[in-house]
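The values are calculated or read from the model by the stated rules, or taken from the named source; none is laboratory data. Note that the structure is a prediction, hence the values are computed from the model and not measured. Glycine also receives a Cβ, built like all others from the backbone with ideal geometry; neighbour counts cover every protein chain displayed. The protein model used for the area step is the full one, side chains on, heavy atoms only, and it has no ligands, DNA or RNA in it. Shrake-Rupley method; radii C 1.70, N 1.55, O 1.52, S 1.80 Å.
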Amino acid sequence: MPEIIAANHSTDALNRAIARLRAGELVAIPTETVYGLAADATNGEAVAKIFATKQRPSFNPLICHVDGVVMAQEYGKFGTVAERLANTFWPGPLTLVVPLRADSGIHDLVTAGLGSVGLRCPRGFSRQVISAFGRPLAAPSANRSGRISPTTAQHVAEEFSGEDLLILDAGACEAGLESTIVKIDGNRLYLLRPGVITAEEIAEVAGMPVELPPADGKVQAPGMMKSHYAPDAQVMLDCEACPDGAAWLGFGNRVKPENAATGLNLSETSNLVEAAANLYAYLKQLDESGASLICVSPVPQEELGIAINDRLRRAAAPRASKSGEAV
Ligand code: TXA
Ligand code: MG
């Protein structure tokens with residue numbers, strides 16, 4: 001059974017988390033984006049437990065969470081652009097994929113044997129945990145592979161109800177969507193995953209354009225699978241109406257159709273920040289209502305809406321077959 005303990009300002013929580021991490025165990029940590037399932041990034045056995053617990057394919061690398069630029073530079077090579085981005089946006093929801101340092105000590109399982117490493121400095125209690133631990137924590141979102149990411153400690157407990165897992169509870173996540181991932185490749189910047197920090201904000205600070213990865217697939221986040229963030233129910237996008245008995249996920253002034261069985265609104269005032277924070281919790285709630293279809297009204301493709309639509313498209317994508325290739 002997972003154990004949930006209150007995280008904020010608690011030395012008891014800190015000490016218990018550190019003891020578990022030192023012992024090579026997993027700890028679920030709150031971040032400003034989503035809850036993470038963390039392990040010592042230098043301990044291969046501990047990292048293997050993340051893959052086993054999440055049922056995550058091992059070719060999909062993990063983000064290393066650091067407490068700041070100094071720790072990050074021990075593990076990844078930072079040029080001036082990477083440094084500027086880190087200094088501007090950290091702590092915060094930006095992951096930088098940079099070349100891995102030789103003998104970094106980061107276990108190969110974390111980087112999936114790639115020559116690069118994804119680094120990010122989270123806001124909040126998890127940063128304190130990393131500082132006290134003194135080493136990076138490898139942490140994917142704390143959900144089973146392919147499923148909805150957790151934005152509360154209770155979501156994590158439900159997802160891993162059979163596991164002996166310590167969960168640090170710092171309440172609902174502020175942003176509710178995973179970090180933006182940018183890869184720094186020579187003198188180019190690629191957007192591997194849209195997120196809370198927009199490509200425009202990044203380009204402005206970097207003083208160079210943020211490009212979409214080339215179509216040949218050579219530059220990408222291996223984890224950006226077509227079907228992801230998926231509830232049990234089917235998801236249909238850009239709906240103005242819905243079939244009888246479906247669940248309804250509205251945005252702005254799109255009210256719930258009368259024939260919908262149940263409905264929620266991501267943000268009645270069309271506030272994209274509020275919509276992002278509600279997205280995963282509402283998808284989960286509608287899924288748990290038992291409806292077999294969730295109809296989602298359109299979300300504008302601008303600012304944070306780009307990241308929200310990215311997640312919704314993956315939630316709506318055809319699922320992998322049971323024996324299937326992707327998870
Ligand atoms: O907000 C977040 O980023 C959350 C919190 C917990 O920090 N973490 C998160 O991790 O979303 P995860 O594992 O669900 O997604 C990490 C993504 C995957 O798509 C993975 O392929 C990509 O980051 N990634 C990690 N290291 C990479 C690398 N070296 N090169 C390319 N992509 C990488
Ligand atoms: Mg994830």
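Counting only protein heavy atoms and using a 1.4 Å probe, what share of the accessible area of segment 102-257 belongs to carbon plus sulfur, as a whole percent?
48 percent
What number comes out for accessible area per residue over the chain if the probe is 1.4 Å? Units Å², please.
42 Å²
Pull the list of the chain cysteines that no other Cys approaches to under 4.7 Å, Cβ to Cβ.
Cys64, Cys121, Cys173
Which order do the peptides 235-243, 159-167, 172-180 take when ranked by the mean count of other beta-carbon atoms within 10 Å per residue, highest first?
The packing order, highest mean first, is 172-180, 159-167, 235-243.
Using the Karplus equation 6.51 cos²θ - 1.76 cosθ + 1.60 (θ = phi - 60°), what ³J(HN,Hα) coupling, rounded to whole Hz, does each residue of segment 296-305 give in order, writing x for Gly and Pro?
Running phi through 6.51 cos²θ - 1.76 cosθ + 1.60 with θ = phi - 60° gives 10, 7, x, 10, x, 8, 8, 6, 5, x Hz.
Provide the packing ranking of 279-291, 207-219, i.e. peptides ordered by the mean count of other C-beta atoms within 10 Å per residue, highest first.
Going from most to least packed, we get 279-291, 207-219.
For segment 3-211, what are the per-bin percents of Cα-Cα distances with bins 10 Å wide, up to the bin holding the maximum?
Using 10 Å bins, I get a P(r) of 9, 38, 38, 13, 1 for segment 3-211.
Express the relative contact order of segment 234-316 as a whole percentage, based on alpha carbon pairs under 8 Å and six or more residues apart in sequence.
Relative CO of segment 234-316 lands at 38 percent.
Specify which residue in the list Val70, Ala48, Asn143 is farthest towards the positive end of the charge dipole of the chain, using unit charges on the beta carbon of Lys, Arg (+1) and Asp, Glu (-1), about the Cα centre.
Value: Ala48.
Between Ile4 and residues 5 or more places away or on another chain, which pairs have amide H atoms under 5 Å apart, with H built 1.01 Å from N, and which residues are they?
Correct list: Ile167.
Using only alpha carbon pairs under 8 Å that are at least six residues apart, calculate the relative contact order of the chain and give it in whole percent.
Reported as a whole number, the value is 19 percent.
Given a cut-off of under 8 Å on Cα pairs at least six residues apart, what relative contact order in percent is computed for segment 51-200?
Once divided by the residue count of segment 51-200, the mean separation gives 27 percent.
From largest to smallest, what semi-axes in whole angstrom does segment 234-316 give when each is the square root of 5 times an eigenvalue of its alpha carbon gyration tensor?
Value: 19, 13, 11 Å, ordered largest first.
Within 10 Å, count the other beta carbons around each residue, average over each peptide in 99-112, 189-202, 36-49, and list them highest first.
In decreasing order of mean packing, 99-112, 189-202, 36-49 become 36-49, 189-202, 99-112.
Roughly what angle does helix 272-288 make with the longest principal axis of the chain, taking Cα atoms, 0 to 90 degrees, to the nearest 10?
With rounding to tens, the tilt is 70 degrees.
How much length is gained on full extension from Leu237 to Arg319, taking 0.36 nm per residue of separation minus their Cα-Cα distance?
Gain on stretching Leu237 to Arg319: 28.0 nm.
When we measure straight from the Cα of Lys226, which lysines land under 22 angstrom away, once same-chain ones fewer than 8 places off are left out?
Lys54, Lys183, Lys218, Lys284, Lys322
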